[in-house]
Amino acid sequence: MSTMRAVQVVGYHQPLEMTEQPVPEATGPWDVVVRIGGAGVCRTDLHILEGQWEEKSGVTLPYTIGHENAGWVAQVGSAVTNVREGDKVIVHPLITCGLCRACRSGDDVHCEDNQFPGISTHGGYAEYLKTSARSVVRLDDSLEPAAVAALADAGLTAYHAAAKAARRLTPRDRCVVIGAGGLGHIGIQVLRALSPAELIVVDRNPDALKLALSIGADHGVVAEGKQVEEVLDITGGHGAEVVVDFVGEGGSTAEGLAMTRQAGDYHVVGYGENVDVPTIDLVSAEKNVIGNLVGSYNDLQDLMALAARGAVTLHTQTYALDDFQSAIDDLDAGRVRGRAILVP
């Protein structure tokens, strides 16, 4: 049996370890084994090590981490017809059943019988990953796995929220994006591609705002304590029809709701604090508070179409797989611009 390098969670509140594991094999008819070309390092990976998912995931340690994966098809099960060995693919973060009501509706994110590689089963901080035919999207020739790997989860989450927001936005509308970091800078590009609305971006970091303006934002507002007033000023005192909050902590939820117009939509994507709003305010202003998880398989197909035509590009910083600890440390310390990618 051949073996491969794999970075595993061996215990909560302790460092990850490089281990030797058997290379996975396509034993089931719908299995697809992917040779990893890039695995994104995500803040959720830090939360896993902190033990935040200990109760939720039902996993048994040790297991291989990593849920933002892309690479080349190495092996397929007997029933797989949508990809062949050698195809470049990006991997949807969930393995889904295809049979439950959510899957049948195309809403496979809420599959009743799913597995989540990197959280509830072995993930992609390794040389190979086992997933399913339902989870792989073929990549355009112009795209490389390491360049797009983080679009599998971070990009897909940003796309899902931006596409939902864009469905209601008209040319007269304004949309506020709170946070122009790893997710936000993708959300801005998606909104620019899908929506005719005026885009206002709020961030603490002036460099992030410069990037936001260069990729399609119409206004950049520095979050220095006066951001609500500035947004109200830009929107003629009314607030924006849609606010997409990629931060979700540090007071952004109260500010985001204050920036939302009457009958507007406030989308929460980042998480960390509670949304605290008097019911009388929700009722009298008819505001909608909308949660956003990762996107569906169809969302990932749409995002890859935007990436292939150059409408969405990802800023990445690559690390060798053996260098996984530096990537984790850099992300934790806020030293990563865009997304960190491990390349075996």
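The values are calculated or read from the model by the stated rules, or taken from the named source; none is laboratory data. A quick note: this is a predicted structure, and the numbers were derived from the prediction, not measured. Glycine also receives a Cβ, built like all others from the backbone with ideal geometry; neighbour counts cover every protein chain displayed.
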_Enumeration of residues in segment 93-137 that are under 19 Å from the mean Cα position of the chain (by Cα), small (Gly, Ala, Ser) and surrounded by fewer than 24 Cβ atoms within 10 Å (Cβ to Cβ)_ = Gly106, Ser120
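What number of residues within segment 26-42 satisfy the criterion of being small (Gly, Ala, Ser) and touching a His at 6+ places or on another chain (Cβ under 9 Å)? Please lay out each step first, then the result.
Residues of segment 26-42 that are small (Gly, Ala, Ser), as a first pass: 26, 28, 37-40.
From the residues that got through so far, the ones that are touching a His at 6+ places or on another chain (Cβ under 9 Å) too are 39-40.
Number of matching residues: 2.
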*For Val247: the one exception among (1) buried (at least 23 other Cβ atoms within 10 Å of the Cβ); (2) outside any loop (DSSP other than H, G, I, E, B)*: (2)
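Just give me the residues in segment 138-162 being surrounded by fewer than 22 Cβ atoms within 10 Å (Cβ to Cβ) and either in a helix (DSSP H, G or I) or not small (Gly, Ala, Ser) (or both), in sequence order. Explain how you work it out, then say what you get.
Start the filter on segment 138-162 by keeping residues that are surrounded by fewer than 22 Cβ atoms within 10 Å (Cβ to Cβ), which leaves 138, 140-144, 146-147.
Scanning segment 138-162 gives Arg138, Asp140, Asp141, Leu143, Glu144, Ala146, Ala147.
Each row is one residue, and each column tells you yes or no for (1) closer than 25 Å to Asp329 by Cα; (2) modelled with pLDDT under 95.
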residue	(1), (2)
Tyr12	yes, yes
Glu17	yes, no
Thr27	no, no
Asp31	no, no
Arg35	no, no
Cys42	yes, yes
His67	yes, no
Trp72	no, no
Val89	no, no
*Which residue pairs have Cβ atoms closer than 8 Å, lie 6 or more positions apart in sequence or on different chains, and pair a first residue in segment 322-344 that is more than 15 Å from Gly124 (Cβ to Cβ) with a second residue that is in a helix (DSSP H, G or I) and of a type in the set (A, V, I, L, M)?*
Leu331/Leu46; Asp332/Leu46; Val336/Ala327; Gly338/Ala150
*Report yes if Gly51 is free of Cβ contacts under 8 Å to residues at least 24 places away in the same chain and either outside the structural domain of Arg335 (by TED's automatic domain parsing) or not charged (D, E, K, R) (or both), otherwise no.*
no
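Which residue is farthest from Thr260 (Cα to Cα), if the candidates are limited to segment 224-242 and must be out of contact with any strand residue (DSSP E or B) (no Cβ under 7 Å at 6 or more places or on another chain) and part of a loop (DSSP other than H, G, I, E, B)? Please lay out each step first, then the result.
Quick first cut of segment 224-242, residues out of contact with any strand residue (DSSP E or B) (no Cβ under 7 Å at 6 or more places or on another chain) only: 224-226, 228-229, 232-233, 236-237.
From the residues that got through so far, the ones that are part of a loop (DSSP other than H, G, I, E, B) too are 224-226, 236-237.
Details: Glu224: 19, Gly225: 17, Lys226: 15, Gly236: 12, Gly237: 11 Å.
Result: Glu224.
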_Ala126 vs. criteria in contact with a Lys or Arg (Cβ under 8 Å, 6 or more places away or on another chain) and in contact (Cβ under 8 Å) with a residue 40 or more places away in the chain_ = yes
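With the structure loaded, tell me whether Ala340 is in contact with a Ser or Thr (Cβ under 7 Å, 6 or more places away or on another chain) and small (Gly, Ala, Ser) or whether it fails that test. Please lay out each step first, then the result.
Working: in contact with a Ser or Thr (Cβ under 7 Å, 6 or more places away or on another chain): no; small (Gly, Ala, Ser): yes.
In short, no.
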*Among all residue pairs at least 6 apart or on different chains, which show Cβ distances below 6 Å where the first residue, located in segment 235-259, is farther than 24 Å from Arg172 by Cα and the second is of a type in the set (Asp, Glu) and part of a strand (DSSP E or B)?*
Ser252/Asp245
*Between a first residue in segment 95-123 that is over 22 Å from Ile48 (Cβ atoms) and a second residue that is part of a loop (DSSP other than H, G, I, E, B) and among the small types (Gly, Ala, Ser), which pairs have beta carbons less than 7 Å apart while being 6 or more apart in sequence or on different chains?*
Gly106/Ser296; Asp107/Ser296; Asp108/Ser296
*What single numbered condition from (1) assigned to a strand (DSSP E or B); (2) touching a Ser or Thr at 6+ places or on another chain (Cβ under 7 Å) fails to hold for Ile290?*
(2)
*Close pairs from segment 300-313: first within 15 Å of Asp141 (Cα to Cα), partner basic (Lys, Arg) and assigned to a helix (DSSP H, G or I), Cβ under 8 Å, at least 6 apart*: none
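From Ala193, Ala208, Ala212, grab the single residue that is at pLDDT 95 or above, part of a helix (DSSP H, G or I) and surrounded by fewer than 24 Cβ atoms within 10 Å (Cβ to Cβ). Give the steps one after another, and end with the answer.
Numbers: Ala208 fails: at pLDDT 95 or above; Ala212 fails: surrounded by fewer than 24 Cβ atoms within 10 Å (Cβ to Cβ).
Exactly one residue qualifies, and that residue is Ala193.
Does Ile90 satisfy the criteria of being crowded, with 24+ Cβ neighbours inside 10 Å and touching a residue at least 24 places away in the same chain (Cβ under 8 Å)?
Values: crowded, with 24+ Cβ neighbours inside 10 Å: yes; touching a residue at least 24 places away in the same chain (Cβ under 8 Å): yes.
The answer is yes for Ile90.
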*Do we find a residue being over 20 Å from the mean Cα position of the chain (by Cα) and more than 24 Å from Thr313 (Cβ to Cβ) anywhere in segment 204-212?*
no
*Can you tell me which residue within segment 54-87, out of those that are in contact (Cβ under 8 Å) with a residue 40 or more places away in the chain and among the acidic types (Asp, Glu), is farthest from Asp141 (Cα to Cα)?*
Glu54
